[in-house]
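As structure tokens, the structure follows; a few thoughts come after it.
The values are calculated or read from the model by the stated rules, or taken from the named source; none is laboratory data. These numbers come from a predicted model, not from an experiment. Don't worry about glycine lacking a Cβ; one is built from the backbone with ideal geometry, like all the others, and counts go over all protein chains shown. Keep in mind that these areas ignore ligands, DNA and RNA; they rest on the heavy atoms of the full protein, side chains included. Shrake-Rupley method; radii C 1.70, N 1.55, O 1.52, S 1.80 Å.
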Amino acid sequence: MTAGPGRRAPALRTTRLAAHLGTALGIAIAICFVTGLLSHWIQHPPGWFYWPTRPAWLYQLTQGLHVACGVAAIPLALLKLAIVYPKLFARPVIGSWRAPVAALRRGLERASIAVLVVALLFQLSTGLLNIAQWYPWRFFFTTAHYATAWVTVGAVLVHVGVKLPDIAAAYRRESDTRSADPDSGPGRRAVLGAGLAAAALAAVAVGGQSAGPLRRLAFLAPRSGAGPQDLPVNRTAAAARVGTAAASPDFRLHLTGPRTVDLSLSQLRALPQHTVRLPIACVEGWSRWATWTGVRVADLASLVGAPDGAALRFVSIDVGPYGVSTLPATHVRAADSLLALQLNGADLDLDHGFPCRLIAPSRPGVTQTKWVRRIEVVT
Ligand SMILES: Nc1nc2c(c(=O)[nH]1)N[C@H]1C(S)=C(S)[C@@H](COP(=O)(O)O)O[C@H]1N2
Ligand SMILES: [Mo]
């Protein structure tokens, strides 16, 4: 700090506060990054990737954390920006060539902050718009959100690396002066406390939609819980333009693999039926448990002679972006992966995928394909 002795305490306070807010923000960003990567890999699995079927709520947890920490990061990021704001415009921009190491460090610091601020604000705002279900850019969102995540994390690492001495000093000075400097506490603690409280409130207000008992507190959540059969609907049959085809009495489910089988709805109903409790856990953060009844995916796989390690591709009547999903072999074999015909004790509502839809444990909602028309063995 370059401030004179008289201004030393406030400057210190600011540095400490920035360090504490930065730590909280860093933790939130780290959780967002890891959970986001998981969600990305589940939907676009690299060859080495393995995602378990147990516990059934695993994806509900990771994605709930993703959304809650992302939302909590918004007040933390704004507060941190407000505190360090004057520094962003400090002169000289980089420094003198006479002290090249210091200038390099400063240049790196400023560049990483510029990238970090832009990338983080982009991540938080697009993420928020997405959970508010305003996405004029469906594809652009996932691709851009994923790519920018790497940029953000890279900028955080550079930023923390460059700032490490300051961060360490801020924490060290705090333990040195905690008792000797009683005045420096309350202001900083009040701001930090307010920031964390705002973060927690934001997380519960929006992210609480993922957690059973907290759902009632999720007053900012875009999901009211409305929808037929006590389950929200992301895309209705009308929006997907599948109503007529899905409700047609001529409906046939086509199974292709080593053997090819066509099944009518009554033939599907005549197969052994199983009932499971599984959640729909949407990538946008909302989730809801329900009781599903239908045919085991594993039974359908055997019906067409699928080999043991085969994945299955579920193709919907809906030709939109979420009309196809590939179920990995681990989930094909899981006893609670169903081609569901019923939801909460009644035939699926048209909006929930009548006549049949996929429901599997520990998977993103977006992969739980509705209005399934064809199941292919992937070789
Ligand atoms: N064919 C098809 N299946 C789909 C979708 C879709 O748009 N089309 N939306 C998915 C998404 S994003 C979610 S969260 C779940 C929601 O299921 P629900 O509408 O029955 O609650 O369905 C998934 N299955
Ligand atoms: Mo979803």
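Near F354, once Lys and Arg are set to +1 and Asp and Glu to -1 for all other residues with Cβ below 10 Å from its Cβ, the sum equals -1. Within the accessible surface of the chain, defined with a 1.4 Å probe on protein heavy atoms only, the carbon and sulfur portion equals 66 percent. Accessible area ranking (1.4 Å probe, heavy atoms, ligands and nucleic acids excluded), largest first, for D262, D318, D308: D308, D262, D318. For the chain, the antiparallel share of DSSP beta bridges with both residues in that region comes to about 90%. Close amide H partners of L348, meaning residues 5 or more places away or on another chain with modelled amide H under 5 Å apart, are Q342, L343. Per residue, the average separation of C-alpha pairs within less than 8 Å and at least 6 apart gives the range 237-378 a relative contact order of 30 percent. Take the chain with all the other protein chains still there, run a 1.4 Å probe, and you get 49 Å² of accessible area per residue. Using the Karplus relation 6.51 cos²θ - 1.76 cosθ + 1.60 with θ = phi - 60°, the per-residue 3J(HN,Hα) values for the range 294-308 come to x, 8, 5, 4, 4, 5, 5, 4, 5, 3, 9, x, 5, x, 3 Hz, with x marking Gly and Pro.
Taking the Cα centre of the chain as origin and assigning +1 to Lys and Arg Cβ atoms and -1 to Asp and Glu Cβ atoms, the resulting dipole is close to 1260 debye. The value obtained for the chain, namely the Cα convex hull volume divided by the number of residues, is 156 Å³ per residue.
Grab the other residues whose beta carbon is less than 15 angstrom from that of L327, score K and R as +1, D and E as -1, and report the net. Kindly include the intermediate steps, with their values, before the conclusion.
Working: positive: R296, R313, R333, R357, R363, K370, R374; negative: D299, D308, D336, E376.
Spelling it out: positives minus negatives among the neighbours equals +3.
A simple count of charges around L124, restricted to other residues whose Cβ falls under 15 Å of its Cβ and scoring Lys, Arg +1 and Asp, Glu -1, yields 0.
With a 1.4 Å probe rolled over the protein heavy atoms of all chains, the accessible area of W41, W150, W51 falls in the order W150, W41, W51, largest first. Using a cutoff of 8 angstrom between alpha carbon atoms and counting only pairs six or more residues apart, the relative contact order for the chain works out to 19 percent. Of L108, L255, the order by accessible heavy-atom surface (1.4 Å probe, DNA, RNA and ligands excluded), from most exposed downward, is L108, L255. Calculated mean residue ellipticity, 222 nm, the chain: -16500 deg cm²/dmol, from DSSP H runs (n ≥ 4) at -39500 (n - 2.57) each, averaged per residue and rounded to 500.
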